[in-house]
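J.: My structure is below; once you've seen it, I'll send some questions.
The values are calculated or read from the model by the stated rules, or taken from the named source; none is laboratory data. Just so it is clear, the structure is predicted and the values come from calculations on it, not from any experiment. When we count neighbours, we look across all protein chains shown, and the Cβ atoms used for this are built from the backbone with ideal geometry, even at glycine. These area figures cover heavy atoms from the full protein model, side chains too; ligands, DNA and RNA do not enter into them. Shrake-Rupley method; radii C 1.70, N 1.55, O 1.52, S 1.80 Å.
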Amino acid sequence: MLKRSGTEVTEVVYYPGRDGGELGPFVRKRILAASGAGSAYDAIFQAERAGERFLFLPRVMDVRRVGDEVHVVMEFVPGETLDTLVDCVGASPELACRLMPAVCEAASELHERFQPPIIHRDLTPSNIMVLDSGGASKPVVTLIDFGISRRWQEGADTDTTHFGTRSYAPPEQFGFGQTDVRSDIFALGGVLFFCCVGEQPQPALDADMLARAGVPDPLATVILRARAFDPADRYPSAAAMRGALLAACTAAGSAAAGAAAGEVDLPAATAPGPLVARPPRRSRRLTVPAAVGTCWNVILLASFVLMVAICVAMALDPPSQYRSMPFWLFALLLVGIILVPYAITLYWFADRRRLLAHVPWFSGLSLVRRIVWSIAAITVSAVGACAIGIAAGYL
């Protein structure tokens, strides 16, 4: 299981064959039929059956009704989500200029290859897959998770359902009007901000906020127009936004202007280009093989088990100065002062690629927020344990 919500379950599945063989992996979504979600998958499936081929959408193998659910089986898209990638290599305007033109192309394909257009309505970094093929070749961008996508409807005043990721969804998606292609433009502006800064966009961004975040003025202009409150003030299409973005990258002196010819590649761990407003964080996780990271995590886990064993031994045979203390209180102090801080410390030394890829809520937190959560957890556990000891009269 990759993800579960109130209306759908996303799983990795295989087709079992004879003699122990299997075909896969594939992704299967089990969508509650009564929710009305997932209609975009059927539109993509029917288009592909009719001979259409898409560069930026997953291949849908089957869509069928099974009981009270709709089952969608599609290809397993390799790579990392954009939010995981940004966490690994660090956000920067250079990264935005190298990746976002391809993301805009992907949105254009979704809008222009279907009539009426399909509106994704949840274009977030966690729903954009990026595969780094290495070398000078460009990364492969694929849009995923079309559960709340819908077709534009002539004459409709609003959408029938109002939901989405609040940091990226436009005002009209929450009942202020019908979503159209310009609604996805609003989301693309948020994704562009995330690639530049590494933080979730605020509902209302202004020039001062972007300047303080270190976004170059040409890119800030693109973000502000894409995030305009009135859809009429946004770019009319993803293709138009892509053109403005490439011009902004050129104006800012970025080498990513070569993306106009499709030469979009991921930044290597080298000195940042002239567009970088702040140095990207370097991470060994892109160069260390996953198997090595797993072995390292096993070593860290073994050290934690050893620490637990030491604390259990101390609780059973405490030092002389703590023997008058109740067992439960001394055990609480060991957990609050030693085990919880030690576990959080190990988290920061661990290979966190799998965690960030498979826990959407946690991967959506910025680095600063994860640090704040860690400090808060250590403080609460240590201070709380000591406070209980003081209240009990033993400290």
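Rundown of residues vs (1) under 19 Å from Val141 (Cβ atoms); (2) surrounded by 20 or more Cβ atoms within 10 Å (Cβ to Cβ); (3) in contact (Cβ under 8 Å) with a residue 24 or more places away in the chain; (4) touching a Pro at 6+ places or on another chain (Cβ under 9 Å), yes/no style:
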{"position": "Arg4", "(1), (2), (3), (4)": "no, no, no, no"}
{"position": "Leu32", "(1), (2), (3), (4)": "no, no, yes, no"}
{"position": "Glu48", "(1), (2), (3), (4)": "yes, no, no, no"}
{"position": "Met61", "(1), (2), (3), (4)": "no, no, yes, no"}
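J.: A further question follows. Exactly one of these conditions fails for Asp87: (1) in contact with a helix residue (DSSP H, G or I) (Cβ under 8 Å, 6 or more places away or on another chain); (2) closer than 24 Å to Lys29 by Cα; (3) open to solvent by less than 30 Å² (accessible area, probe 1.4 Å). Give me its number.
T.: (2)
J.: State all residues of the range 215-247 that are surrounded by 15 or more Cβ atoms within 10 Å (Cβ to Cβ) and not in a helix (DSSP H, G or I); if no residue qualifies, say none.
T.: Val215, Pro216, Arg227, Ala228, Arg234, Tyr235, Ser237
J.: Additional query: If you scan the range 104-138, which residues turn out to be under 23 Å from Ala37 (Cβ atoms) and among the hydrophobic types (A, V, I, L, M, F, W, C)?
T.: Ala106, Ala107, Leu110, Phe114, Ile118, Ile119, Leu123, Ile128, Met129
J.: Does at least one position in the range 380-392 carry a residue that is assigned to a loop (DSSP other than H, G, I, E, B), touching a helix residue (DSSP H, G or I) at 6+ places or on another chain (Cβ under 9 Å) and at pLDDT 70 or above?
T.: no
J.: Here is a follow-up. Counting just the residues of the range 114-146 that are open to solvent by 10 Å² or more (accessible area, probe 1.4 Å), among the hydroxyl-bearing types (Ser, Thr, Tyr) and at pLDDT 90 or above, which one comes out nearest to Arg98 (Cα to Cα)?
T.: This residue is Thr142.
J.: Let me ask something else about it. Within the group Val12, Val77, which residue is open to solvent by less than 30 Å² (accessible area, probe 1.4 Å) and among the β-branched types (Val, Ile, Thr)?
T.: Values: Val12 fails: open to solvent by less than 30 Å² (accessible area, probe 1.4 Å).
So the residue among Val12, Val77 that is open to solvent by less than 30 Å² (accessible area, probe 1.4 Å) and among the β-branched types (Val, Ile, Thr) is Val77.
Quick grid of which residues meet (1) over 26 Å from the mean Cα position of the chain (by Cα); (2) over 20 Å from Ser108 (Cα atoms); (3) charged (D, E, K, R):
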position: Ile31; (1), (2), (3): no, yes, no
position: Gly36; (1), (2), (3): no, yes, no
position: Asp42; (1), (2), (3): no, no, yes
position: Gln46; (1), (2), (3): yes, no, no
position: Gly51; (1), (2), (3): yes, no, no
position: Leu55; (1), (2), (3): no, no, no
position: Arg59; (1), (2), (3): no, no, yes
position: Val66; (1), (2), (3): yes, yes, no
position: Val70; (1), (2), (3): no, yes, no
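Listed here are the residues, each with its yes/no results for (1) at pLDDT below 70; (2) open to solvent by 30 Å² or more (accessible area, probe 1.4 Å); (3) part of a loop (DSSP other than H, G, I, E, B).
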position: Ile148; (1), (2), (3): no, yes, yes
position: Thr158; (1), (2), (3): yes, yes, yes
position: His162; (1), (2), (3): yes, yes, yes
position: Tyr168; (1), (2), (3): no, no, yes
position: Asp184; (1), (2), (3): no, no, no
position: Cys195; (1), (2), (3): no, no, no
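J.: Of all residues being of a type in the set (Gly, Ala, Ser) and either assigned to a loop (DSSP other than H, G, I, E, B) or over 19 Å from Ile390 (Cα atoms) (or both) in the range 322-351, which is most open to solvent (accessible area, probe 1.4 Å)? Just the residue, please.
T.: Looking at residues that are of a type in the set (Gly, Ala, Ser) and either assigned to a loop (DSSP other than H, G, I, E, B) or over 19 Å from Ile390 (Cα atoms) (or both), I get Ser324.
J.: Among all residue pairs at least 6 apart or on different chains, which show Cβ distances below 6 Å where the first residue, located in the range 15-30, is surrounded by fewer than 15 Cβ atoms within 10 Å (Cβ to Cβ) and the second is aliphatic (A, V, I, L, M)?
T.: Close Cβ pairs satisfying both conditions: Tyr15/Leu23; Pro25/Val12.
J.: A further question on this structure: Return yes or no: is Gly147 under 14 Å from the mean Cα position of the chain (by Cα) and small (Gly, Ala, Ser)?
T.: no
J.: If you don't mind, another one. Is there any pair with a first residue in the range 242-253 that is closer than 11 Å to Pro101 by Cα and touching a residue at least 12 places away in the same chain (Cβ under 8 Å) and a second that is open to solvent by 40 Å² or more (accessible area, probe 1.4 Å) and hydrophobic (A, V, I, L, M, F, W, C) whose Cβ atoms are under 8 Å apart and which are 6 or more apart or on different chains, and what are they?
T.: Leu246/Ala260
J.: Does any residue of the range 248-256 turn out to be within 19 Å of Gly190 (Cβ to Cβ) and either open to solvent by less than 30 Å² (accessible area, probe 1.4 Å) or modelled with pLDDT of 90 or more (or both)?
T.: Yes, the range 248-256 contains at least one residue that is within 19 Å of Gly190 (Cβ to Cβ) and either open to solvent by less than 30 Å² (accessible area, probe 1.4 Å) or modelled with pLDDT of 90 or more (or both).
J.: Which residues, counting only those in the range 307-321, are outside any loop (DSSP other than H, G, I, E, B) and open to solvent by less than 80 Å² (accessible area, probe 1.4 Å)? Step through it out loud before you land on a result.
T.: Taking the range 307-321 first, the residues outside any loop (DSSP other than H, G, I, E, B) are 307-316, 320-321.
Those that are outside any loop (DSSP other than H, G, I, E, B) and open to solvent by less than 80 Å² (accessible area, probe 1.4 Å): Met307, Val308, Ala309, Ile310, Cys311, Val312, Ala313, Met314, Ala315.
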